[in-house]
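Report on one structure; see the data block that follows.
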Amino acid sequence: MKLKGFKIVPVKSGDAGSIYTIQFEGESQTEFDKFLLSEGGNHQSDVFERLLSQLDVMVNKYGFLEDFFKIEEGCRWDYVVALRDFYLRLYCLRIDDALLVVGNGGVKNTQTYQEDARLYASVTDLQMVHKVIMSKINSGLIRYDRVTGTLCGSLNLYQ
């Protein structure tokens, strides 16, 4: 995998937590923006609207509880999960109940995400981001407030 620089970008904060996304070096859009503009979002289906509504309810009322996600979408040791509604997948890092890092995703037309190059890339990118974020949190370079779900410190990162 190619070394990628990225920054962590705030998306939304609410009473129950915070949502962030990632923007890779040299790219003009965040991963969440790419998801919003993807085929899943362009036709503004009920499924797409329900998924975005779920995010709003989580950030404002319930937090990012495990029950809302398909857990272990990546590997056992990473925090990659999928927010899903029928065929649509939004891949995320569920750090805990108060912090969610949303990535990219799209329509899943295959049995597994590994069979779709775009979905596979979304998951593997998040796996790399997870390693870097957790390393920076554990070393103290990024501070994480578990009550508000906010991140502080330099959010421009490199693998």
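Based on what the data block shows, is residue 80 modelled with pLDDT of 95 or more and not basic (Lys, Arg)? No. Residues that are touching a residue at least 12 places away in the same chain (Cβ under 8 Å), crowded, with 20+ Cβ neighbours inside 10 Å and more than 15 Å from residue 19 (Cα to Cα) do occur in the range 79-98, at least one of them. Please determine, by comparing only the residues of the range 115-159 that are of a type in the set (Asp, Glu) and closer than 27 Å to residue 88 by Cβ, which one is modelled with the highest pLDDT. Ranking the candidates gives 125 first. Within the range 101-121, the set of residues being buried (at least 19 other Cβ atoms within 10 Å of the Cβ) and part of a helix (DSSP H, G or I) comprises 113, 119.
Across the range 67-83, a minimum of one residue is classified as under 20 Å from residue 12 (Cβ atoms) and in a helix (DSSP H, G or I). For the range 122-153, taking the residues that are part of a helix (DSSP H, G or I) and surrounded by fewer than 15 Cβ atoms within 10 Å (Cβ to Cβ), the one that is nearest to the chain's Cα centre (by Cα) is identified as 131.
The values are calculated or read from the model by the stated rules, or taken from the named source; none is laboratory data. None of the values given here were measured: they were computed from a predicted structure. Every residue, glycine among them, receives a Cβ derived from its backbone with ideal geometry; neighbour counts consider all protein chains shown.
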